[in-house]
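A.B. asks: Below is one structure. I have some questions about it.
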Amino acid sequence: MTTEMDPADEKAQRPKGHLTKSNKGTETLPVATAPFYAKWTCTSTDILFLLLVTGVALIVRCWRLSVPNQVVFDEVHFGKFAGKYINGTYFYDLHPPLAKMMFAAAGKLAGYDGVFDFKSIGLDYAAAGVPYVGMRLLPAVLGAVTVPATFAAARACGYRADTALLASLLVCFENGLVTQSRLILLDSPLVFFTVLTLTAWSMFWTKQGQEFSGVWWFWLIATGALMGCAASCKWVGLFLFPAIGLSTISDLWDKIADRSLSPARWGMHFAARAVGLLAVPFAVYMFWFQVHFALLHTSGDANSMMTPEFQTTLKGGLDVSTDRDVFYGSMIRIRSSNAKSGYLHSHTHNWQHEKGSGQQQITLYSHADANNIWVVEPAFNTTIDSSLGPVPVKTGEVVRLRHKVTGKFLHSHEKRPALTSDDQKFELSGYGFTNFAGDSNDNFRLDILSGDKKEAGSDVQLQAIYSRFRLIHRNLNCAVYNSRKKLPKWAFEQTEVNCMRNCMPRMSTWHVEFAQYPNATAEMALKKAKYRPLSMWGKIWEYNKLMAESNESLTGDHPFAARPQHWAWLRRGTAYWGGNGHFVYQLGNPLVWWGSLAAVSLFFAIRFVLFLMDKRQIYPTLSGQRKLYLSSAGFFVVAWACHYVPFFLMGRELFIHHYFPALWMAILVLAFTLDLFTARMPAVVRVSVYVAVAAAVLHVFNTFSYITYSRTWTKEACLKTKWLSTWDIDCEHAIGGVRATDPPPPVTSSAVAKVDGDSDEVEGAKDDAVPVPEQVAVTLPSSAGAAVVESGSIGNIADIASPASIQAVIETSNPAAVHVEPAFEPPVGMPAADADPKAEASAVSAAYSDVEDTGAHAEL
């Protein structure tokens, strides 16, 4: 980015030999001009304005910060994550860690102990004694700082103080930015670091006359560090790299044409920018991840999202030690290598889909138990000479896998699996019966893909943990494949595994996690295998890879999701919270949004017209503001495009708050455009225009402040603010609406049991319903399944629970909720088989969705 100096200096800077001429009052400028940049020194007037806008911004962001006093929108996730940091409990989220750690620090300073779980929207902070105002104060202050930063950015670009003041006021009274900065959400830290990055970059350009000086280096390094912090909050911060990168490339290209600059000097400029704008952000990003892992050192609910090697780095995490070598006759447990969790599994229930065989189900199950144990046997009609001792299993050999508990062989045939009719996929089943030796459809070729370099022979001879292999069906030439799809309830919502032709190795790669040979010798027992803990670099790489997969798979039909083509013209907002007579609805200031969109569009029109006129050698000066406007507004338009256009390429679920970084850039373009059109106006007229714009923005801000600050208003007033029919503001929450005074009717007719997100009627709930007391904790005999019951009353709880230990917590607040969670204990050695397959409710499906339930939220 280059910015314009005073117009009076422009004429003096014109190279000799380039004449100007008049053409109907339009002065032409030389084709080649020297680069321009602003030299801004902060004056007493600037300081006065900075103090003024900072004070106003703090008032605007912090007023009524305690309202609502309940969990709002995605505070459900980020408040809970703050508690995880405080307690040191590992969790997974699809965003980088910096913003969440900032909330944890704010919560710790405010007195939050990490116990309150933020588990649902509407939970009462005050009743639980949560210092939520202190946690919300962090984003409010960060949001307030963006206002004076806007002033500084505009001044650094070469604009007068009045234009900078107007730009800062436009940001200050933008309802959407205010709403987002008053809640425990990631976008306020993201916008904060984005604004500071571009402000630092603008300041760097003011120091171009002091190349390689201390202050020059300071602003360059500050730009890189802040850019790294933005990317460490959300990956949207990565869009700063192309924005600043294009500006840097343009600058370095211009410097090549400067004959006064030696190649060595140009190389120094290149190296300095490579360090400041690439190495520094990368180092900052890595640093915050190291802090993240240092804080989250204890095993948590999200362990199953990570690889076993990752889990071994956590306190109380996975600790596996097993016999290393696998022989014919060994009992083994086979784990999917690239899906983080899931064991090849079978149980005494048959396939029930229409095109299936009706034979015994083969699935993936997330917990280790005896129904995951298989015995390695030679191929059908093949014998192994074990007279000289156990015979090791080697790559390329054909084997059979016999289910230890049921005696069935792993089997495939020309039957379609449960979840697809693809002719390249075949059903896997358990097949066999008494006095039946099996058939050739039980045969699978074991192909070892790779081994551990530290374990000799692991790429040739099958070794537990160290050998990665595929199982290829001999007759069908298909590979045992993890589809990662959840099976129906009749298969207990476990994960489907089938046999697929021409599949990629990623989801058809397996390894042995447990191996035991009967009557093993002492020498054999000494050879053990263990997962090797990941290094810090390995953990960062795995976490970021999982984040990419999670973002890609984050699709849904959220009622307030919005596509990018609807953002800039503010087609709709997002409902955050609703109460009696007041609510929070995320909607921007229409005047600011529509004005900034018009300014960006006008820039493209002006640039196109100037391009055509330049071709005819007519060079309008735009009242002496040409280079200032084109360089500064042009840079922020490019930055706007870099932060907006990529979203059109994303198939994932998106929301209007994803537009906020781009919105800030468009607001600056709006201020610069107003400056362009008022540059030659008399001072009184110019000031009057600015005051009128600011007053109009303030009036609109106040009009929509009811949904920004959750102020009480009437249904009639609410309906009047729905300027567009697409603004789905729920005015029934306002005074006079049905949700303002009438409580939701109690549900007593039935109870609903939910298992991993699906629901069925609970048998017996209608006939034998009994009132549920508030805050009752009970322990029930049940299987290790997971269920949630919601109703004003419940019937026979045994209908949704079968024998094993389940802890149930019943919380009732109309409607009542019963939350039943499995009291799962990690198996030691070889655990008993699951007598009742209801114990296998679909815990594995969450791990294969690549998005933890706590991470699959509305954020990018």
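The values are calculated or read from the model by the stated rules, or taken from the named source; none is laboratory data. All figures in this text were calculated on a predicted structure; none of them were measured in a lab. Glycine gets a Cβ as well: all are built from the backbone with ideal geometry, and neighbour counts include every protein chain shown.
A.B. asks: Can you name the strands (runs of 3 or more DSSP E) wholly within segment 476-571 that have at least 3 residues being hydrophobic (A, V, I, L, M, F, W, C) and either more than 24 Å from the chain's Cα centre (by Cα) or surrounded by 13 or more Cβ atoms within 10 Å (Cβ to Cβ) (or both)?
C.D. replies: It comes to 495-500, 510-516.
A.B. asks: Report, by residue number, each residue of segment 444-484 that is more than 19 Å from Thr307 (Cα to Cα) and of a type in the set (A, V, I, L, M).
C.D. replies: Hits for segment 444-484 are Leu446, Ile448, Ala456, Val460, Leu462, Leu471, Ile472, Leu476, Ala479, Val480.
A.B. asks: Can you go through Leu610, Leu628 and tell me which one is surrounded by fewer than 22 Cβ atoms within 10 Å (Cβ to Cβ), assigned by TED's automatic domain parsing to the domain that holds Val178 and part of a helix (DSSP H, G or I)?
C.D. replies: Testing whether each residue is surrounded by fewer than 22 Cβ atoms within 10 Å (Cβ to Cβ), assigned by TED's automatic domain parsing to the domain that holds Val178 and part of a helix (DSSP H, G or I) leaves just Leu610.
A.B. asks: Next question, about the same structure. Residue check: is Ser321 in contact (Cβ under 8 Å) with a residue 24 or more places away in the chain, buried (at least 19 other Cβ atoms within 10 Å of the Cβ), of a type in the set (Ser, Thr, Tyr) and touching a strand residue (DSSP E or B) at 6+ places or on another chain (Cβ under 8 Å)? Spell out the reasoning first.
C.D. replies: Details: in contact (Cβ under 8 Å) with a residue 24 or more places away in the chain: yes; buried (at least 19 other Cβ atoms within 10 Å of the Cβ): no; of a type in the set (Ser, Thr, Tyr): yes; touching a strand residue (DSSP E or B) at 6+ places or on another chain (Cβ under 8 Å): yes.
The answer is no for Ser321.
A.B. asks: Could I ask something else about it? Among the residues of segment 126-137, are any within 23 Å of Ser550 (Cα to Cα) and of a type in the set (Val, Ile, Thr)? Break it down stepwise before answering.
C.D. replies: Here is the first cut: in segment 126-137, the ones within 23 Å of Ser550 (Cα to Cα) are none.
For segment 126-137, residues within 23 Å of Ser550 (Cα to Cα) and of a type in the set (Val, Ile, Thr): absent.
A.B. asks: On the given criteria, is Ala717 assigned to a helix (DSSP H, G or I) and either assigned by TED's automatic domain parsing to the domain that holds Val178 or of a type in the set (D, E, K, R) (or both)?
C.D. replies: Against the criterion (assigned to a helix (DSSP H, G or I) and either assigned by TED's automatic domain parsing to the domain that holds Val178 or of a type in the set (D, E, K, R) (or both)), Ala717 does not qualify.
A.B. asks: Which pairs do you get when a residue that is in the same structural domain as Trp235 (by TED's automatic domain parsing) and surrounded by fewer than 19 Cβ atoms within 10 Å (Cβ to Cβ), found in segment 279-290, comes within reach of a residue that is among the β-branched types (Val, Ile, Thr) and modelled with pLDDT of 95 or more, reach meaning Cβ atoms under 8 angstrom, with the pair 6+ apart or on two chains?
C.D. replies: Met286/Ile540; Gln290/Ile540
A.B. asks: Further question: Quick one: in segment 398-439, of everything that is over 29 Å from Gln461 (Cβ atoms) and β-branched (Val, Ile, Thr), which residue is modelled with the highest pLDDT?
C.D. replies: Selected residue: Thr420.
A.B. asks: Consider only pairs whose beta carbons are under 8 Å apart and that are at least six residues apart or on different chains; among these, list those whose first residue lies in segment 511-533 and is at negative phi and whose second residue is among the aromatic types (Phe, Trp, Tyr).
C.D. replies: Short answer, once both residue conditions are applied: His511/Tyr466; His511/Phe469; Glu513/Tyr343; Tyr517/Phe327; Met524/Tyr517; Ala529/Tyr466.
A.B. asks: What residue, among those in segment 300-318 that are buried (at least 19 other Cβ atoms within 10 Å of the Cβ) and of a type in the set (Ser, Thr, Tyr), is modelled with the lowest pLDDT?
C.D. replies: Ser304
A.B. asks: Another question about this same structure. Please verify whether Thr248 is under 30 Å from Met102 (Cα atoms) and either of a type in the set (Ser, Thr, Tyr) or outside the structural domain of Leu190 (by TED's automatic domain parsing) (or both), treating the condition exactly as stated.
C.D. replies: no
A.B. asks: Among the numbered conditions (1) among the hydrophobic types (A, V, I, L, M, F, W, C); (2) part of a helix (DSSP H, G or I); (3) over 22 Å from Gly579 (Cα atoms); (4) within 25 Å of the chain's Cα centre (by Cα), tell me where Met135 comes up short.
C.D. replies: (3)
A.B. asks: Filter segment 431-468 down to the residues that are surrounded by fewer than 23 Cβ atoms within 10 Å (Cβ to Cβ) and outside any loop (DSSP other than H, G, I, E, B) and list them by number.
C.D. replies: Tyr431, Ser440, Asn441, Arg445, Leu446, Asp447, Ile448, Leu449, Ser450, Gln461, Arg468
A.B. asks: For Leu676, indicate whether it is assigned by TED's automatic domain parsing to the domain that holds Leu177 and either over 33 Å from the mean Cα position of the chain (by Cα) or without any contact (Cβ under 8 Å) to a residue 40 or more places away in the chain (or both).
C.D. replies: For Leu676, the condition - assigned by TED's automatic domain parsing to the domain that holds Leu177 and either over 33 Å from the mean Cα position of the chain (by Cα) or without any contact (Cβ under 8 Å) to a residue 40 or more places away in the chain (or both) - is met.
A.B. asks: Please find, among Ala110, Ala82, Ala164, Ala99, the residue that is farther than 28 Å from Asn702 by Cα and more than 18 Å from the chain's Cα centre (by Cα). Before the answer, list the steps.
C.D. replies: Working: Ala82 fails: more than 18 Å from the chain's Cα centre (by Cα); Ala164 fails: farther than 28 Å from Asn702 by Cα; Ala99 fails: more than 18 Å from the chain's Cα centre (by Cα).
That would be Ala110, the only listed residue that is farther than 28 Å from Asn702 by Cα and more than 18 Å from the chain's Cα centre (by Cα).
Here is a yes/no grid of residues against (1) among the basic types (Lys, Arg); (2) surrounded by fewer than 24 Cβ atoms within 10 Å (Cβ to Cβ); (3) in contact with a Pro (Cβ under 8 Å, 6 or more places away or on another chain); (4) without any contact (Cβ under 8 Å) to a residue 12 or more places away in the chain:
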position	(1), (2), (3), (4)
Asp113	no, yes, no, no
Val133	no, yes, no, no
Arg136	yes, no, no, no
Ala140	no, yes, no, no
Thr163	no, no, no, no
Cys172	no, no, no, no
Leu185	no, no, yes, no
Leu190	no, no, yes, no
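A.B. asks: Here's a follow-up. Hey, among Lys394, Lys355, Lys408, which residue is crowded, with 16+ Cβ neighbours inside 10 Å, basic (Lys, Arg) and in the same structural domain as Asp459 (by TED's automatic domain parsing)?
C.D. replies: Working: Lys394 fails: crowded, with 16+ Cβ neighbours inside 10 Å; Lys355 fails: crowded, with 16+ Cβ neighbours inside 10 Å.
So the residue among Lys394, Lys355, Lys408 that is crowded, with 16+ Cβ neighbours inside 10 Å, basic (Lys, Arg) and in the same structural domain as Asp459 (by TED's automatic domain parsing) is Lys408.
A.B. asks: In the list Gly83, Gly107, Gly55, Gly88, which residue meets the criterion of being at pLDDT 95 or above, touching a His at 6+ places or on another chain (Cβ under 7 Å) and in the same structural domain as Tyr285 (by TED's automatic domain parsing)?
C.D. replies: Gly88
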